[in-house]
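J.: Input: one structure, supplied below.
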Amino acid sequence: MKKVHILTFHRALNYGAILQCYGLYKTISQISECDVIDYRASCIENRYKVFVAGKSLKGTIKALLTVPAVKKKKTKFDEFIKNNIEMTQTANSHDELKRMSWGESDCFCVGSDQVWNLDLIASDSSYFFDFVPQEKKRFSYAASIGANLKEEWKNAFQAYLAGFSAVSVREKTAQKQLDSCGITASVEIDPVFLLKREEWFDKARNTNSGSFVLIYLLQKADSFMKSAIEFAQKHGKKVIIISTGLKREYDAEYVSDCGPEEFLGYFKEADTIFTNSFHGIAFSILFNKQFYYQLQGNNVKTNSRLYDVISLFQLEKRNIDNIDNEDYIDYSFINTVIEQKRESAIDYLKNQIVG
């Protein structure tokens, strides 16, 4: 049987990163044998080190102060991977990846997340499978470039992707940018949508937190936070904030070290959710929750993916500017779209793996 090797950001201490990895792994494992390449890229590993060249004094002090919570969180993330995802042997560099041996019929899938944001990955060509023998089948699933395909990147993308059997990206903006340099790509949903709501519920750990409003922000947004707190007070709900930040400015329960299963549990049990995170929005939608979102200021890179998922499901009115309109979201249309997109995505994966 053909074995699929997935390359993604499985080592990031980010809920969206680990859960999209699990979603893709779980889906492909139902089609063929698969694993995740345990590549410990420096661009990811250095993000969680206290002392790194170039880190500001303020950043170093903050990292020192958050060490206990980060260690607890990392332990839970490592346990989640150990219990749920088959891994290859570890590779700590591009050279180590090149020295690894692969089966005769193996194929390779890169994605999702911003695996093709060359600024983020420090132009690490590993995420284009240049360490893989040329005769091996390579394809992407819902890969993200970030904000812009810079002019100086185009030649590299053309060269790297020439050997791919198919290219799939997560955002329409990425599809248009690749098209501008002669690369045909399909747009597929983020891997968290590949699993049904019931499958995620099975992975969620009950928090027994009662009735509450959940706040999950990836970028600080004082006015958005204030609106969420006022909403909770108006409705007589307690507030739970998932945050690794050091400040505790509000009368709320702060959660700084929960693992992936607990994260899912909070989203499953929340009455209403406030978020400016792509995967915060995604799980709010998957779990059919009432939620409000806010774009991240002028952050074009992040907002492109937020807007894509919001517009796909016609949820623009859930912007925080419309908080006074408390109409409930009708999920009948949205669930139909999710199912259609899921079927299309699974067909794409089957065509690449089995076809």
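J.: Which residues among the range 272-293 fall inside the zone where the amide N is under 15 Å from a point 7 Å beyond the Cα of ASP321, along Cα→Cβ?
T.: 293
J.: Can I ask one more? Grab the alpha carbons of the chain, take their convex hull, and tell me the volume per residue in Å³.
T.: Residue-normalised Cα hull volume stands at 140 Å³.
J.: With a probe of 1.4 Å, find how much accessible area the range 174-231 has per residue, and write the answer as a whole number in Å².
T.: Using a 1.4 Å probe on heavy atoms only, each residue of the range 174-231 averages 47 Å².
J.: What number, rounded to the nearest 500 deg cm²/dmol, is the helix-based mean residue ellipticity at 222 nm of the chain, given -39500 (n - 2.57) per DSSP H run of at least four residues and division by all its residues?
T.: Mean residue ellipticity at 222 nm (helix-derived): -12000 deg cm²/dmol.
J.: What does the accessible area of TRP102 come to, in Å² to the nearest 10, when a probe of 1.4 Å is used?
T.: Its accessible surface works out to 40 Å², give or take rounding.
J.: Please compute the per residue accessible area over the range 67-173 with all protein chains in place, 1.4 Å probe, rounded to a whole number of Å².
T.: 46 Å²
J.: Which percent of the accessible area of the range 243-345 is formed by carbon and sulfur heavy atoms (probe 1.4 angstrom)?
T.: The C+S portion of the solvent-accessible surface of the range 243-345 is 43 percent.
J.: Give me the one-decimal nm value for the distance between modelled label points at GLU253 and LYS2, 7 Å along each residue's Cα-to-Cβ direction.
T.: So the two model labels end up 4.7 nm from each other.
J.: Using a 1.4 Å probe on the protein heavy atoms only, what accessible surface does GLU79 show? Give it in Å² to the nearest 10.
T.: About 100 Å², rounded to the nearest 10.
J.: Ignoring ligands, DNA and RNA, please state the percent of accessible area on the range 111-180 from carbon and sulfur, probe 1.4 Å.
T.: 45 percent
J.: Filter the chain for me: DSSP H helices, axial length by Cα at least 27 angstrom, mean Kyte-Doolittle hydropathy not below 1.0. List them by residue number.
T.: Span-like helices here: none at all.
J.: Once both labels are modelled 7 Å past Cα along the beta-carbon direction, what's the GLU339-SER101 spacing in nm?
T.: With each label placed 7 Å out from Cα toward Cβ, I get 4.8 nm.
J.: Using 0.36 nm per residue, how much length does the chain from THR90 to GLN134 gain when fully extended, once their Cα-Cα distance is taken away?
T.: Gain on extension, THR90 to GLN134, equals 13.7 nm.
J.: Hey, rough spin-label estimate for SER186 and ASN46, points 7 angstrom out along Cα→Cβ, what's it come to in nanometres?
T.: 3.7 nm
J.: Given the protein chains as shown and a 1.4 Å probe, how many square angstrom of VAL70 are accessible, to the nearest 10?
T.: For VAL70, the solvent-accessible surface is approximately 50 Å².
J.: May I pose another question? My understanding is that a pair violates if its Cα-Cα distance is over 22 Å; which of LYS136/LYS350; LYS71/LYS196; LYS82/LYS238; LYS3/LYS74; LYS2/LYS136 do that in this structure?
T.: LYS71/LYS196; LYS82/LYS238; LYS3/LYS74
J.: If you project the alpha carbons of the range 104-180 onto the principal axes, what extent comes out on each, in Å, largest first?
T.: Sorted from largest, the Cα extents of the range 104-180 read 37, 21, 20 Å.
J.: How do SER304, SER332 rank by accessible surface area computed with a 1.4 Å probe, from largest to smallest?
T.: SER332, SER304
The values are calculated or read from the model by the stated rules, or taken from the named source; none is laboratory data. None of the values given here were measured: they were computed from a predicted structure. Here Cβ is always computed from backbone atoms with ideal geometry, including for glycine, and neighbour counts include all displayed protein chains. For accessibility, only protein heavy atoms count, side chains too; no ligands or nucleic acids. Shrake-Rupley method; radii C 1.70, N 1.55, O 1.52, S 1.80 Å.
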